[in-house]
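S.K.: Dropping the structure in here first, questions after.
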């Protein structure tokens, strides 16, 4: 076992370094995310940008899309050029700079900050997980337990980030000392603490996360750098073209987001068609890769609903929810902490349920279907809540119930999907299949931002009720129907797994 003596809950000391680094990084990410769309849609009189819901949702969707999509080049850069350890360090620096840019009340620094966070997270997120795995080498049993501890750090950060950042940044009655940029600055402080923790504890990582020997050959390094600069040049050219089009006034942010969705969705389908039809070497590989495609498609559908927690549901919380508790107004962003609280409570229970079922443990298709159905149930709750708006604002219990169903759905679907990609893909394609899994999450996040334009309007009660029922009801029907299809065809999908369970 690499990484030194077992001194952190019986695990390598390096795990503690990665645990607290990831905890503070997630504190900064979820803390800032809780404020992002609220800040963009808030009136300039209270320090916001004054964007309409459609524009703000498009910016939010593009931002969260980029965070997941750049995990692909982030992993490639680490594998070919700098190693995971330096990728995490450089990514953390960029994330911290991004949050501090958001803390400056100036429009150019707002977009610069989002861009820095996207690039930084693309470097940090996939590679810190890779270092965790590198700590254990062949000790698979302890490796799984180590990842469980590591994921607890993710949820602790996700729990406290929204509470602290929204408390400091979200305007509310009687709190004259708060400011949006204080909240963004607090996220930057969180990322700075992550960097301090990471640098101070790097010695405990030993050889984990270093650039692999076979990637350091001069010819390979030169080719990799050429590919990197070519890709960077293409991105800059596309960015310049988009900026030029936006200056004409005929190409809105919503147009950009929709165009990105159509292009990426088309590339996603083309990629899988090529892999299944031409890259697969035999029938078994072709069938298993088809299952990978179906799971990625289901994941994209799930995340397009689940990630509305930071967009449409966040705005519903602010505008249409009575957030008074014991005479005190709770910030809208604070409800973003409900999901990680439920994850911490429910994850062991769900895990024990699967183990307890033994041979009756549902197949991966059934678990995916169950996750999507539970997502649909959560949105049916929101449609019901929208109908209750005729009496004014609704209580927070509606959102808590929704997040409960969504969290259980996440626990049914997300761990199964990650595990299934590694089991079903041929060894030579495992990295690519993991990349497509993250791309499915990226597409889902983009859709979650785009649907914000259909959020209930508050001009009239009738409009709020009609729009809420239409938006949340439509999401519920689509997610529920997809989940039922997974369940109905679980038998054929299991046979296509060709022995992989």
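The values are calculated or read from the model by the stated rules, or taken from the named source; none is laboratory data. Predicted model, so just to flag it, every value in this text is computed and none were measured. Here the Cβ positions follow ideal geometry from the backbone for every residue, glycine too, while neighbour counts run over all protein chains shown.
S.K.: Working only within region 16-55, note down all residues that are within 27 Å of the chain's Cα centre (by Cα), assigned to a helix (DSSP H, G or I) and either over 30 Å from residue 132 (Cβ atoms) or modelled with pLDDT under 90 (or both).
M.R.: 37, 38, 39, 40, 41, 53, 54, 55
Residue-wise test of (1) buried (at least 19 other Cβ atoms within 10 Å of the Cβ); (2) assigned by TED's automatic domain parsing to the domain that holds residue 41; (3) at pLDDT below 95; (4) outside any helix (DSSP H, G or I).
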site: 80; (1), (2), (3), (4): yes, yes, yes, no
site: 83; (1), (2), (3), (4): yes, yes, yes, no
site: 92; (1), (2), (3), (4): yes, yes, no, no
site: 108; (1), (2), (3), (4): no, yes, yes, no
site: 126; (1), (2), (3), (4): yes, yes, yes, no
site: 136; (1), (2), (3), (4): yes, yes, yes, yes
site: 153; (1), (2), (3), (4): yes, yes, yes, no
site: 164; (1), (2), (3), (4): yes, yes, no, no
site: 173; (1), (2), (3), (4): no, yes, yes, yes
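S.K.: Also, quick follow-up: Could you list, in sequence order, the residues of region 420-436 that are within 13 Å of residue 364 (Cβ to Cβ) and touching a residue at least 24 places away in the same chain (Cβ under 8 Å)?
M.R.: Those that are within 13 Å of residue 364 (Cβ to Cβ) and touching a residue at least 24 places away in the same chain (Cβ under 8 Å): 420, 421, 423, 424.
S.K.: Since residue 192 meets every condition but one in (1) crowded, with 18+ Cβ neighbours inside 10 Å; (2) part of a helix (DSSP H, G or I); (3) modelled with pLDDT under 80, which condition does it not meet?
M.R.: Answer for residue 192: the failing condition is (3).
S.K.: Closer than 28 Å to residue 259 by Cβ and in the same structural domain as residue 304 (by TED's automatic domain parsing): is that true of residue 440 in this structure?
M.R.: Spelling it out, residue 440 is indeed closer than 28 Å to residue 259 by Cβ and in the same structural domain as residue 304 (by TED's automatic domain parsing).
S.K.: Kindly list, by first and then second residue, each pair from a residue in region 132-146 that is over 23 Å from residue 88 (Cα atoms) to a residue that is modelled with pLDDT under 75, limited to pairs with Cβ atoms under 6 Å and residues at least 6 apart or on different chains.
M.R.: 139/1
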